[in-house]
Amino acid sequence: MPEFIAILLALAFAGAQFPGPFAVLDNLSNFPAHFAAAFLAVAALLAWQRRLVAAVACVALAALAIAPVVPWYFGANSAAHDPALPWVRLLVSNVHHSNRDHARLLDLVERENPDVVGLLEVNARWLRELEPLRARYPHRYELPGELYVGLALYSRFPLENAREFRLPGNGSTPAIVATLAAPGGDVEIVLAHPMSPVGAQFIRQRNIQIAALAKHAAAAQAPLVLAGDLNLTMWNAAYRPLVEVGGLHNARTGHGIGPTWPALGPIGVPIDHVLATRDVRLRNFRVLPGIGSDHYPLTTEFSTP
């Protein structure tokens with residue numbers, strides 16, 4: 001039985017590396033740490049049964065699975081403590097449209113005291129309950145929507161040319177684009193929530209939308225920060241255009257993988273992100289306590305040198 005489980009795991013892991021059109025396999029590519037833990041558990045069982053060759057093979061597969069995870073714990077920004085840079089604190093949260101625990105989000109904003117707040121899945125009810133944010137943040141742009149498409153951006157600093165940026169695809173998926181008049185200079189803020197990968201068609205649309213965001217970043221005339229629930233991890237093949245085309249780097253670098261979904265402690269995966277062009281420095285990435293949503297909020301700071 002352990003060998004059979006090991007074979008199934010190995011086949012699933014191989015499929016996750018080359019998912020092709022298969023939605024389940026594409027989603028499995030987001031779980032390398034979970035594969036590593038599963039391989040180690042099977043290896044321990046095989047070793048207990050004295051099947052050492054199979055156990056060693058599972059340990060090797062665990063090492064292969066965990067290899068792309070390890071680098072995220074190294075390489076933090078060396079300028080993170082530069083007191084000469086004017087840092088802007090950003091908080092991002094997928095609040096979940098059906099979540100009614102509005103007070104927990106407002107309390108979190110009170111405690112963290114960010115300069116900019118980006119919210120996803122904001123509907124009309126959420127906007128009514130977020131009235132205190134309007135007093136706290138004089139600059140805002142709101143695109144409420146039912147279910148999963150609503151967005152809202154709040155800022156202490158002026159938001160210039162704030163507008164809706166419609167992502168491509170068959171669905172109606174908006175993003176918010178605005179120029180933030182930050183203390184260190186103008187920064188373009190993009191708040192986005194691409195399609196959820198609940199099927200092959202939705203995965204294709206998500207990938208098209210991610211590619212569109214990457215092209216938008218590549219064409220940016222000013223420093224750019226992209227934030228939101230992107231519905232994929234750094235190990236999914238569709239993430240690569242953000243780096244290879246958009247030239248973006250992730251606030252997680254040096255801080256670990258920071259799981260944000262589902263909001264079940266450390267067992268989740270990192271699908272909520274803050275990325276920036278190379279002329280933006282990022283520091284102090286943190287995953288924050290839950291607010292009743294299925295996602296954990298996150299925060300980071302950015303600055304233009």
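The values are calculated or read from the model by the stated rules, or taken from the named source; none is laboratory data. Computed from a prediction, not measured in an experiment: that's the story for all the values here. Counting neighbours? That spans all protein chains shown, and the Cβs are built from the backbone with ideal geometry, glycine included. Areas reflect the complete protein model, heavy atoms only, side chains present, ligands, DNA and RNA absent. Shrake-Rupley method; radii C 1.70, N 1.55, O 1.52, S 1.80 Å.
Here are the numbers for the structure shown:
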read-out	value
Between 0 and 90°, nearest 10: helix 32-48 axis offset from the chain longest Cα axis	20
Tilt relative to the chain, helix 200-218 - C-alpha long axis, 0 to 90 degrees, to 10	50
Cβ-placed point charges (K, R +1; D, E -1), dipole of region 226-305 about Cα centre in debye, nearest 20	240
Two-decimal log10 I(q)/I(0) for region 150-270, as the Debye equation yields it once each C-alpha is a single scatterer, q = 0.14 Å⁻¹	-0.64
Simple Cβ-charge dipole of the chain, Lys/Arg +1 and Asp/Glu -1, about Cα centre, in debye nearest 20	340
Translational diffusion of the chain, µm² s⁻¹ [Kirkwood Rh, Cα pairs; Stokes-Einstein; 20 °C; 1.002 mPa s]	106
Which of E164, E110 is most accessible, then next, and so on - probe 1.4 Å	E110, E164
The chain: relative contact order as a whole-number percent, Cα under 8 Å and 6+ apart	18
Cα long-axis angle, helix 2-17 against the chain (0 to 90 degrees, to the nearest 10)	40
Rounded Å value of the spacing that divides the Cα centres of region 249-286 and region 154-197	19
Average projection area in nm² (convex hull over Cα atoms of region 1-123, one quarter of hull surface)	12.7
Sum of -39500 (n - 2.57) over DSSP H runs of 4+, divided by residues of the chain (222 nm, nearest 500)	-10000 deg cm²/dmol
Dipole of the chain [Lys/Arg +1, Asp/Glu -1 at C-beta], most positive-end residue of L147, F22, S98	F22
Charge context of L180, other residues only, Cβ under 11 angstrom, K/R +1, D/E -1	-3
Contact order normalised by residue count of region 187-305, Cα under 8 Å, 6+ apart, percent	23
Furthest towards positive pole of dipole, V117, A65, A84, structure part region 1-128, Cβ charges	A65
